[in-house]
Amino acid sequence: MYRVLVVGGGASGMTAAIAAARHGAKVTLIEKMDDVGKKILATGNGRCNMSNINAQEYGYNKNKSFVSSALSQFNVEDTFTFFEELGVMHKVEAEGRVYPYSNQAAAVLDVLKMEIERLYIHVLPGSTVRTIKNRADTFFTYLKDGSILESEKVILACGGMAGPQYGCNGDGYAIAESIGHNIKTPKPALVQVVHNEWYVKKLKGVRVKGSVSLECNEKVIKIQSGEIQFTEDGLSGICIFDISGEVNNSLDLGKSCSIIIDIFSDITDENLIEILKKRREFCYNKPVDNFLIGMVNNRLAPVLLKLSDVDHHKNCSELTNKELYRLKNVLKKWKVPVVATRSWKHAQVTSGGVDTREINPNTLESKLTEGLYFAGELIDVDGLCGGYNLQWAWSSGYLAGKSAAEACF
(Lines give C-alpha, C1' and ligand atoms only; values in the text may rest on other atoms or scores of the structure.)
Protein backbone atom coordinates (compact mmCIF):
# COMPACT_ATOMS: atom_id res chain seq x y z
CA MET A 1 0.00 0.00 0.00
CA TYR A 2 1.22 3.49 -0.87
CA ARG A 3 1.40 6.22 1.71
CA VAL A 4 0.34 8.94 -0.78
CA LEU A 5 -1.38 8.60 -4.14
CA VAL A 6 -1.37 11.68 -6.40
CA VAL A 7 -3.94 11.84 -9.20
CA GLY A 8 -2.78 14.11 -12.01
CA GLY A 9 0.69 14.63 -13.43
CA GLY A 10 0.56 18.33 -14.23
CA ALA A 11 2.44 21.13 -12.51
CA SER A 12 0.62 20.84 -9.17
CA GLY A 13 0.55 17.04 -9.20
CA MET A 14 4.26 16.64 -9.87
CA THR A 15 5.08 19.20 -7.20
CA ALA A 16 2.77 17.44 -4.72
CA ALA A 17 4.41 14.10 -5.43
CA ILE A 18 7.90 15.56 -4.96
CA ALA A 19 6.95 17.30 -1.71
CA ALA A 20 5.33 14.16 -0.30
CA ALA A 21 8.35 12.03 -1.19
CA ARG A 22 10.76 14.57 0.27
CA HIS A 23 8.83 14.36 3.52
CA GLY A 24 9.24 10.60 3.75
CA ALA A 25 6.18 9.17 2.03
CA LYS A 26 6.13 6.34 -0.50
CA VAL A 27 4.38 7.99 -3.46
CA THR A 28 2.74 6.94 -6.68
CA LEU A 29 1.68 9.43 -9.36
CA ILE A 30 -1.16 8.64 -11.77
CA GLU A 31 -1.39 10.43 -15.13
CA LYS A 32 -3.96 9.62 -17.80
CA MET A 33 -1.85 10.98 -20.67
CA ASP A 34 1.09 8.99 -22.01
CA ASP A 35 3.51 11.27 -20.13
CA VAL A 36 3.42 13.85 -17.33
CA GLY A 37 3.56 17.62 -17.65
CA LYS A 38 2.40 18.14 -21.22
CA LYS A 39 0.54 21.36 -20.43
CA ILE A 40 3.70 22.87 -18.90
CA LEU A 41 5.31 22.75 -22.35
CA ALA A 42 2.64 25.10 -23.71
CA THR A 43 2.86 27.74 -20.97
CA GLY A 44 4.35 31.13 -21.77
CA ASN A 45 4.30 30.31 -25.49
CA GLY A 46 6.75 27.51 -24.85
CA ARG A 47 8.93 29.56 -22.50
CA CYS A 48 7.05 28.71 -19.25
CA ASN A 49 5.97 31.84 -17.39
CA MET A 50 6.73 29.99 -14.16
CA SER A 51 5.82 32.68 -11.62
CA ASN A 52 5.45 36.40 -10.97
CA ILE A 53 7.42 38.31 -8.35
CA ASN A 54 4.18 40.11 -7.43
CA ALA A 55 2.27 36.89 -6.75
CA GLN A 56 0.17 37.72 -3.71
CA GLU A 57 -3.48 37.08 -2.98
CA TYR A 58 -4.53 40.27 -4.81
CA GLY A 59 -3.36 38.65 -8.08
CA TYR A 60 -6.21 36.17 -7.87
CA ASN A 61 -9.82 36.75 -8.83
CA LYS A 62 -11.57 35.28 -5.79
CA ASN A 63 -11.08 33.35 -2.54
CA LYS A 64 -8.12 35.59 -1.78
CA SER A 65 -7.71 34.68 1.89
CA PHE A 66 -7.73 30.99 0.97
CA VAL A 67 -5.01 31.60 -1.64
CA SER A 68 -2.99 33.66 0.83
CA SER A 69 -2.57 30.72 3.19
CA ALA A 70 -0.95 28.47 0.58
CA LEU A 71 1.18 31.27 -0.85
CA SER A 72 2.47 32.18 2.60
CA GLN A 73 3.65 28.60 3.19
CA PHE A 74 5.33 28.19 -0.20
CA ASN A 75 5.91 31.62 -1.68
CA VAL A 76 7.69 33.01 -4.74
CA GLU A 77 11.11 32.91 -3.07
CA ASP A 78 10.50 29.30 -2.03
CA THR A 79 9.64 28.56 -5.65
CA PHE A 80 12.90 30.12 -6.84
CA THR A 81 14.85 28.05 -4.33
CA PHE A 82 12.94 24.89 -5.27
CA PHE A 83 13.81 25.24 -8.95
CA GLU A 84 17.34 26.53 -8.40
CA GLU A 85 18.09 23.38 -6.40
CA LEU A 86 16.73 21.39 -9.33
CA GLY A 87 19.00 23.34 -11.70
CA VAL A 88 16.71 25.97 -13.26
CA MET A 89 18.00 29.56 -13.27
CA HIS A 90 15.32 32.20 -13.65
CA LYS A 91 14.99 35.76 -14.90
CA VAL A 92 12.42 38.49 -14.27
CA GLU A 93 10.88 40.33 -17.19
CA ALA A 94 8.23 43.03 -17.68
CA GLU A 95 5.46 43.29 -15.08
CA GLY A 96 7.26 40.82 -12.80
CA ARG A 97 6.91 37.78 -15.07
CA VAL A 98 9.40 35.03 -14.27
CA TYR A 99 10.86 32.71 -16.91
CA PRO A 100 13.58 30.07 -16.93
CA TYR A 101 16.85 31.64 -18.06
CA SER A 102 17.00 29.15 -20.92
CA ASN A 103 13.58 30.32 -22.22
CA GLN A 104 12.57 26.67 -22.41
CA ALA A 105 9.48 25.23 -20.76
CA ALA A 106 11.01 21.84 -21.52
CA ALA A 107 13.81 22.59 -19.04
CA VAL A 108 11.28 23.08 -16.23
CA LEU A 109 9.54 19.83 -17.08
CA ASP A 110 12.83 17.96 -17.42
CA VAL A 111 14.08 18.85 -13.94
CA LEU A 112 10.74 17.91 -12.36
CA LYS A 113 10.83 14.53 -14.07
CA MET A 114 14.44 13.98 -12.99
CA GLU A 115 13.51 14.76 -9.38
CA ILE A 116 10.56 12.36 -9.55
CA GLU A 117 12.95 9.67 -10.77
CA ARG A 118 15.55 10.50 -8.10
CA LEU A 119 12.94 10.17 -5.35
CA TYR A 120 11.74 6.78 -6.69
CA ILE A 121 8.21 8.07 -7.17
CA HIS A 122 6.20 5.41 -8.98
CA VAL A 123 4.62 6.96 -12.10
CA LEU A 124 1.66 5.33 -13.86
CA PRO A 125 1.16 7.09 -17.23
CA GLY A 126 -1.83 6.25 -19.40
CA SER A 127 -3.93 5.46 -16.30
CA THR A 128 -7.44 6.82 -15.91
CA VAL A 129 -9.19 6.91 -12.53
CA ARG A 130 -12.81 5.75 -12.56
CA THR A 131 -13.64 6.42 -8.93
CA ILE A 132 -12.15 6.66 -5.45
CA LYS A 133 -13.66 5.21 -2.29
CA ASN A 134 -12.42 5.22 1.27
CA ARG A 135 -13.09 3.01 4.24
CA ALA A 136 -11.24 2.14 7.42
CA ASP A 137 -8.56 4.81 6.89
CA THR A 138 -7.71 3.41 3.45
CA PHE A 139 -8.44 4.87 0.02
CA PHE A 140 -9.23 2.53 -2.87
CA THR A 141 -8.57 4.07 -6.28
CA TYR A 142 -10.26 2.17 -9.10
CA LEU A 143 -8.61 2.53 -12.51
CA LYS A 144 -10.25 2.16 -15.91
CA ASP A 145 -8.15 -0.94 -16.65
CA GLY A 146 -9.74 -2.70 -13.67
CA SER A 147 -6.82 -2.42 -11.24
CA ILE A 148 -7.26 -1.07 -7.71
CA LEU A 149 -4.64 0.95 -5.84
CA GLU A 150 -4.64 1.31 -2.05
CA SER A 151 -3.21 4.30 -0.21
CA GLU A 152 -3.37 6.10 3.13
CA LYS A 153 -3.81 9.53 1.53
CA VAL A 154 -4.97 10.82 -1.84
CA ILE A 155 -4.14 14.15 -3.49
CA LEU A 156 -6.45 15.19 -6.32
CA ALA A 157 -4.47 17.39 -8.72
CA CYS A 158 -6.35 16.52 -11.90
CA GLY A 159 -6.50 20.02 -13.34
CA GLY A 160 -9.55 21.78 -14.71
CA MET A 161 -11.03 21.91 -18.20
CA ALA A 162 -8.79 24.47 -19.92
CA GLY A 163 -6.70 22.85 -22.64
CA PRO A 164 -8.45 19.54 -23.35
CA GLN A 165 -5.74 18.82 -25.92
CA TYR A 166 -3.41 18.34 -22.93
CA GLY A 167 -5.78 15.91 -21.20
CA CYS A 168 -7.78 18.43 -19.16
CA ASN A 169 -11.40 17.32 -19.32
CA GLY A 170 -12.68 18.00 -15.80
CA ASP A 171 -12.85 14.37 -14.72
CA GLY A 172 -11.49 15.39 -11.31
CA TYR A 173 -14.75 17.23 -10.62
CA ALA A 174 -16.75 14.00 -10.91
CA ILE A 175 -14.36 12.28 -8.49
CA ALA A 176 -14.63 15.14 -5.99
CA GLU A 177 -18.43 15.20 -6.29
CA SER A 178 -18.64 11.46 -5.72
CA ILE A 179 -16.87 12.00 -2.39
CA GLY A 180 -19.34 14.75 -1.44
CA HIS A 181 -17.69 17.97 -2.55
CA ASN A 182 -19.52 20.81 -4.27
CA ILE A 183 -18.19 22.20 -7.56
CA LYS A 184 -18.42 25.84 -8.56
CA THR A 185 -19.41 25.78 -12.22
CA PRO A 186 -16.22 25.66 -14.33
CA LYS A 187 -15.84 28.35 -17.01
CA PRO A 188 -13.04 29.24 -19.43
CA ALA A 189 -10.73 31.99 -18.17
CA LEU A 190 -7.67 33.76 -19.57
CA VAL A 191 -9.25 33.41 -22.98
CA GLN A 192 -10.20 35.57 -25.96
CA VAL A 193 -13.62 37.24 -26.04
CA VAL A 194 -15.95 37.10 -29.02
CA HIS A 195 -18.01 39.87 -30.62
CA ASN A 196 -19.92 40.07 -33.89
CA GLU A 197 -19.64 43.76 -34.75
CA TRP A 198 -19.42 44.66 -38.45
CA TYR A 199 -15.72 45.49 -38.30
CA VAL A 200 -14.50 42.26 -36.65
CA LYS A 201 -12.95 40.77 -39.81
CA LYS A 202 -11.51 44.11 -40.98
CA LEU A 203 -9.33 44.51 -37.88
CA LYS A 204 -7.88 41.01 -37.61
CA GLY A 205 -4.21 41.31 -36.61
CA VAL A 206 -4.32 44.93 -35.40
CA ARG A 207 -2.67 45.62 -32.03
CA VAL A 208 -2.96 48.71 -29.84
CA LYS A 209 -1.88 49.70 -26.33
CA GLY A 210 -4.48 51.11 -23.98
CA SER A 211 -6.95 50.16 -21.27
CA VAL A 212 -10.14 48.13 -21.28
CA SER A 213 -13.13 48.32 -18.95
CA LEU A 214 -15.65 45.52 -18.59
CA GLU A 215 -19.15 46.99 -18.41
CA CYS A 216 -22.01 44.71 -17.41
CA ASN A 217 -25.57 46.03 -17.33
CA GLU A 218 -24.15 49.54 -17.75
CA LYS A 219 -21.88 49.19 -14.71
CA VAL A 220 -18.09 49.01 -14.94
CA ILE A 221 -16.85 46.04 -12.88
CA LYS A 222 -13.22 45.62 -13.94
CA ILE A 223 -10.46 47.66 -15.60
CA GLN A 224 -7.17 46.40 -17.06
CA SER A 225 -4.40 47.93 -19.17
CA GLY A 226 -2.03 46.54 -21.77
CA GLU A 227 -1.93 45.43 -25.38
CA ILE A 228 -5.25 44.78 -27.10
CA GLN A 229 -5.24 42.43 -30.06
CA PHE A 230 -8.02 42.27 -32.64
CA THR A 231 -8.72 38.73 -33.83
CA GLU A 232 -10.88 37.18 -36.53
CA ASP A 233 -13.77 36.82 -34.08
CA GLY A 234 -13.12 39.28 -31.26
CA LEU A 235 -10.47 40.57 -28.90
CA SER A 236 -7.36 39.11 -27.30
CA GLY A 237 -4.31 40.25 -25.32
CA ILE A 238 -3.33 39.95 -21.67
CA CYS A 239 -5.67 42.70 -20.48
CA ILE A 240 -8.55 40.94 -22.27
CA PHE A 241 -7.57 37.59 -20.76
CA ASP A 242 -7.65 39.13 -17.29
CA ILE A 243 -11.30 40.17 -17.61
CA SER A 244 -12.51 37.12 -19.56
CA GLY A 245 -13.51 35.16 -16.46
CA GLU A 246 -15.81 37.97 -15.40
CA VAL A 247 -17.22 38.11 -18.93
CA ASN A 248 -18.25 34.46 -18.67
CA ASN A 249 -19.68 34.88 -15.17
CA SER A 250 -21.75 37.90 -16.20
CA LEU A 251 -23.01 36.40 -19.46
CA ASP A 252 -24.11 33.26 -17.57
CA LEU A 253 -26.17 35.50 -15.30
CA GLY A 254 -27.91 36.95 -18.35
CA LYS A 255 -26.19 40.33 -18.15
CA SER A 256 -25.32 42.38 -21.21
CA CYS A 257 -21.57 42.87 -21.44
CA SER A 258 -19.41 45.31 -23.33
CA ILE A 259 -15.71 46.06 -23.35
CA ILE A 260 -14.90 49.76 -23.37
CA ILE A 261 -11.57 50.41 -25.11
CA ASP A 262 -9.53 53.53 -24.34
CA ILE A 263 -6.88 53.80 -27.05
CA PHE A 264 -5.43 56.96 -25.46
CA SER A 265 -5.54 55.97 -21.81
CA ASP A 266 -2.47 58.12 -21.07
CA ILE A 267 -4.19 61.29 -22.37
CA THR A 268 -7.13 63.03 -20.70
CA ASP A 269 -10.35 63.81 -22.54
CA GLU A 270 -9.57 67.51 -22.38
CA ASN A 271 -6.08 67.13 -23.81
CA LEU A 272 -7.25 64.75 -26.51
CA ILE A 273 -9.90 67.15 -27.81
CA GLU A 274 -7.26 69.89 -27.98
CA ILE A 275 -5.00 67.53 -29.93
CA LEU A 276 -7.81 66.84 -32.38
CA LYS A 277 -8.55 70.52 -32.85
CA LYS A 278 -4.89 71.29 -33.57
CA ARG A 279 -4.81 68.34 -35.94
CA ARG A 280 -7.75 69.87 -37.82
CA GLU A 281 -5.65 72.99 -38.33
CA PHE A 282 -2.52 71.11 -39.40
CA CYS A 283 -4.43 68.84 -41.80
CA TYR A 284 -6.87 71.47 -43.09
CA ASN A 285 -6.36 70.65 -46.81
CA LYS A 286 -6.27 66.85 -46.40
CA PRO A 287 -9.30 64.60 -46.87
CA VAL A 288 -10.94 63.38 -43.68
CA ASP A 289 -9.98 59.82 -44.60
CA ASN A 290 -6.38 60.80 -43.75
CA PHE A 291 -7.19 62.61 -40.50
CA LEU A 292 -6.11 59.80 -38.15
CA ILE A 293 -3.14 58.49 -40.14
CA GLY A 294 -0.07 58.78 -37.93
CA MET A 295 -2.25 58.89 -34.83
CA VAL A 296 -3.71 55.37 -34.85
CA ASN A 297 -3.09 52.18 -36.80
CA ASN A 298 -3.98 52.83 -40.44
CA ARG A 299 -6.48 49.97 -40.49
CA LEU A 300 -8.22 51.37 -37.43
CA ALA A 301 -8.71 54.84 -38.90
CA PRO A 302 -11.68 54.20 -41.24
CA VAL A 303 -13.46 52.11 -38.61
CA LEU A 304 -13.08 54.79 -35.94
CA LEU A 305 -14.25 57.52 -38.33
CA LYS A 306 -17.34 55.50 -39.26
CA LEU A 307 -18.11 54.73 -35.59
CA SER A 308 -17.86 58.47 -34.91
CA ASP A 309 -20.31 59.23 -37.72
CA VAL A 310 -17.82 61.57 -39.36
CA ASP A 311 -18.50 62.56 -42.97
CA HIS A 312 -15.44 61.32 -44.85
CA HIS A 313 -16.35 63.10 -48.10
CA LYS A 314 -14.93 66.45 -46.99
CA ASN A 315 -11.62 67.99 -45.99
CA CYS A 316 -10.29 68.07 -42.44
CA SER A 317 -10.82 71.83 -42.28
CA GLU A 318 -14.57 71.19 -42.51
CA LEU A 319 -14.70 68.93 -39.46
CA THR A 320 -17.11 70.37 -36.91
CA ASN A 321 -16.47 70.50 -33.18
CA LYS A 322 -19.35 68.06 -32.69
CA GLU A 323 -17.65 65.58 -35.00
CA LEU A 324 -14.35 65.99 -33.14
CA TYR A 325 -16.10 65.38 -29.81
CA ARG A 326 -17.78 62.27 -31.19
CA LEU A 327 -14.40 61.08 -32.46
CA LYS A 328 -12.80 61.80 -29.08
CA ASN A 329 -15.50 59.77 -27.35
CA VAL A 330 -14.83 56.77 -29.59
CA LEU A 331 -11.07 57.03 -29.09
CA LYS A 332 -11.56 57.12 -25.31
CA LYS A 333 -14.71 55.02 -24.92
CA TRP A 334 -15.00 52.61 -27.81
CA LYS A 335 -17.83 50.30 -26.78
CA VAL A 336 -17.64 46.74 -28.09
CA PRO A 337 -20.58 44.47 -27.11
CA VAL A 338 -19.33 40.93 -26.42
CA VAL A 339 -21.38 37.79 -26.84
CA ALA A 340 -19.13 35.00 -25.56
CA THR A 341 -15.60 33.83 -24.91
CA ARG A 342 -13.74 31.28 -26.97
CA SER A 343 -13.86 27.58 -26.08
CA TRP A 344 -11.95 25.47 -23.55
CA LYS A 345 -9.39 24.63 -26.22
CA HIS A 346 -8.26 28.26 -26.25
CA ALA A 347 -8.47 28.93 -22.49
CA GLN A 348 -5.32 29.01 -20.37
CA VAL A 349 -7.03 28.28 -17.06
CA THR A 350 -10.33 27.28 -15.47
CA SER A 351 -12.47 29.57 -13.34
CA GLY A 352 -14.49 27.46 -10.91
CA GLY A 353 -13.85 24.09 -9.31
CA VAL A 354 -13.95 22.49 -5.87
CA ASP A 355 -15.53 24.87 -3.35
CA THR A 356 -12.74 26.34 -1.18
CA ARG A 357 -15.09 26.47 1.84
CA GLU A 358 -14.82 22.68 1.97
CA ILE A 359 -10.99 22.66 2.05
CA ASN A 360 -8.70 23.48 5.00
CA PRO A 361 -6.64 26.45 3.74
CA ASN A 362 -3.70 25.58 6.02
CA THR A 363 -3.22 22.02 4.72
CA LEU A 364 -5.47 21.75 1.61
CA GLU A 365 -7.09 18.71 3.21
CA SER A 366 -10.77 18.10 2.61
CA LYS A 367 -13.00 19.15 5.49
CA LEU A 368 -15.40 16.40 4.47
CA THR A 369 -13.06 13.41 4.03
CA GLU A 370 -9.98 12.98 6.20
CA GLY A 371 -6.89 12.08 4.19
CA LEU A 372 -8.11 13.61 0.93
CA TYR A 373 -6.20 16.66 -0.36
CA PHE A 374 -6.57 19.01 -3.32
CA ALA A 375 -4.09 21.01 -5.39
CA GLY A 376 -3.92 23.23 -8.45
CA GLU A 377 -6.55 24.18 -10.97
CA LEU A 378 -9.07 21.64 -9.67
CA ILE A 379 -9.73 24.07 -6.80
CA ASP A 380 -11.87 27.17 -7.36
CA VAL A 381 -8.84 29.46 -7.71
CA ASP A 382 -7.75 31.38 -10.81
CA GLY A 383 -5.33 34.25 -11.15
CA LEU A 384 -4.26 36.96 -13.55
CA CYS A 385 -2.21 36.25 -16.64
CA GLY A 386 1.54 36.45 -16.13
CA GLY A 387 2.67 33.55 -13.93
CA TYR A 388 0.08 33.72 -11.15
CA ASN A 389 -1.61 30.44 -12.04
CA LEU A 390 1.61 28.43 -12.22
CA GLN A 391 2.63 29.93 -8.89
CA TRP A 392 -0.65 28.64 -7.48
CA ALA A 393 0.16 25.20 -8.92
CA TRP A 394 3.61 25.10 -7.26
CA SER A 395 2.36 26.52 -3.92
CA SER A 396 -0.77 24.40 -3.61
CA GLY A 397 1.00 21.30 -4.87
CA TYR A 398 3.87 21.61 -2.41
CA LEU A 399 1.54 22.36 0.53
CA ALA A 400 -0.77 19.44 -0.27
CA GLY A 401 2.13 17.02 -0.70
CA LYS A 402 3.88 18.11 2.47
CA SER A 403 0.63 18.02 4.49
CA ALA A 404 -0.37 14.58 3.23
CA ALA A 405 3.06 13.08 3.96
CA GLU A 406 3.26 14.58 7.46
CA ALA A 407 -0.20 13.24 8.26
CA CYS A 408 1.04 9.71 7.51
CA PHE A 409 3.47 9.67 10.44
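The values are calculated or read from the model by the stated rules, or taken from the named source; none is laboratory data. Every value quoted in this text rests on a predicted model; they were computed, and no experiment measured them. A quick note on method: Cβ atoms are made from the backbone with ideal geometry, for glycine too, and the neighbour counts reach across all protein chains shown. For the accessible areas, the whole protein counts, side chains as well, though only heavy atoms, and no ligand, DNA or RNA atoms are used. Shrake-Rupley method; radii C 1.70, N 1.55, O 1.52, S 1.80 Å.
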Revision key, fill the gap. Checked the stretch 267-317 with the C-alpha gyration tensor, a ≥ b ≥ c its square-rooted eigenvalues, rounded below a/c of 1.5, otherwise prolate if a/b is larger than b/c and oblate if not; verdict oblate
Study note, to complete from the structure: Amide H neighbours of GLY10 at under 5 Å, excluding residues fewer than 5 places away on the same chain, with H built from the backbone geometry, are GLY37
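Fully extended, how many nm does the chain gain between ILE260 and VAL339 (0.36 nm per residue separation, minus their Cα-Cα distance)? Don't skip to the end; give the middle numbers.
Numbers: separation 79, 0.36 × 79 = 28.44 nm, distance 1.41 nm.
Answer, rounded to one decimal: 27.0 nm.
Using the structure shown, list the pairs from LYS201/LYS278; LYS306/LYS335; LYS255/LYS322; LYS204/LYS255; LYS26/LYS64; LYS222/LYS335 with a Cα-Cα distance above 21 Å, or answer none. Walk me through the numbers before you get to the answer.
On the way: LYS201/LYS278 32 Å; LYS306/LYS335 14 Å; LYS255/LYS322 32 Å; LYS204/LYS255 27 Å; LYS26/LYS64 33 Å; LYS222/LYS335 14 Å.
From the list (LYS201/LYS278; LYS306/LYS335; LYS255/LYS322; LYS204/LYS255; LYS26/LYS64; LYS222/LYS335), the Cα-Cα distance tops 21 Å for LYS201/LYS278; LYS255/LYS322; LYS204/LYS255; LYS26/LYS64.
Would you calculate a helix-derived [θ] at 222 nm for the chain, using -39,500 (n - 2.57) for each DSSP H run of n ≥ 4 and dividing by the full residue count, to the nearest 500? List each step's numbers first, then the result.
On the way: 10 runs with 122 residues, N = 409.
Computed mean residue ellipticity for the chain: -9500 deg cm²/dmol.
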Revision key, fill the gap. Reported to the nearest 10 Å², ARG299 has, with a 1.4 Å probe, an accessible area equal to 110 Å²
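In the chain, what % of DSSP beta bridges are antiparallel (nearest 5)? Spell out each step's value before the answer.
Details: 51 of 69 bridges.
Of all bridge pairs located within the chain, approximately 75 percent are antiparallel.
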Review point. What is the gain in length, in nm to one decimal, between ASN182 and LYS204 on full extension, counting 0.36 nm per residue of separation less the C-alpha to C-alpha distance?
Key: 3.9 nm
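Please work out whether the stretch 111-184 counts as rounded, prolate or oblate from its C-alpha gyration tensor, where a ≥ b ≥ c are the square roots of the eigenvalues and a/c under 1.5 means rounded, while otherwise a/b larger than b/c means prolate and anything else oblate? Don't jump to the answer; show the numbers that get you there.
Details: a/c = 1.74, a/b = 1.11, b/c = 1.56.
In terms of gyration-tensor shape, oblate.
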Study note, to complete from the structure: quick note, the stretch 1-111, DSSP beta bridge pairs, % antiparallel (nearest 5) is 55 percent
Review point. What percentage of the solvent-accessible surface of the stretch 276-331, computed with a 1.4 Å probe over protein heavy atoms, is contributed by carbon and sulfur atoms?
Key: 48 percent
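What is the packing order of peptides 323-332, 201-210, taking the mean over residues of other C-beta atoms within 10 Å and listing the highest first? Before the final figure, lay out the partial values.
Numbers: 323-332: 19.4, 201-210: 14.4.
Order by mean packing, descending: 323-332, 201-210.
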Revision key, fill the gap. Helix 105-118 sits off the longest principal axis of the Cα atoms of the chain, rounded to the nearest 10 on a 0 to 90 degree scale, by 10 degrees
Point to revise | For the stretch 73-87, Karplus couplings with θ = phi - 60° (6.51, -1.76, 1.60), whole Hz, Gly/Pro x | key: 8, 8, 8, 4, 5, 4, 5, 4, 5, 3, 7, 4, 5, 7, x
Revision key, fill the gap. By the mean-Cβ-within-10 Å protection proxy, highest first, 261-268, 390-397, 52-59 rank as 390-397, 52-59, 261-268
Review point. Taking only Cα atoms, what is the 0 to 90° angle, nearest 10, from helix 388-406's long axis to the longest principal axis of the chain?
Key: 10 degrees
Exercise for review: For the stretch 324-343 and the stretch 245-294, write down the distance between their C-alpha centroids in whole Å.
Suggested key: 8 Å
Check your understanding: Can you give me the Cα centroid spacing of the stretch 370-389 and the stretch 1-42 in angstrom?
Key -> 15 Å
Practice item. For ILE53 paired with VAL92, estimate the spin-label separation in nm (one decimal), with each label point 7 Å from Cα along the Cα-to-Cβ line. Key: 0.2 nm
Check your understanding: For the chain, modelled as a GNM with alpha-carbon contacts under 10 angstrom, which of LEU112, LEU272, LEU253 fluctuates the most?
Key -> LEU253
Revision key, fill the gap. So the angle from the long Cα axis of helix 321-332 to the longest Cα principal axis of the chain, reported in degrees to the nearest 10, equals 10 degrees
Check your understanding: How far, in nm, would the chain grow between ALA136 and TYR101 when pulled straight, counting 0.36 nm per residue and subtracting the alpha carbon separation?
Key -> 7.8 nm
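With every protein chain kept in place and ligands, DNA and RNA left out, what is the accessible area per residue of the chain? Probe 1.4 Å, answer in Å². Before the final figure, lay out each step's value.
Values: 17660 Å² over 409 residues.
Heavy-atom accessible area per residue stands at 43 Å².
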Point to revise | the chain: projected area of the alpha-carbon convex hull, averaged over directions, in nm² | key: 21.0 nm²
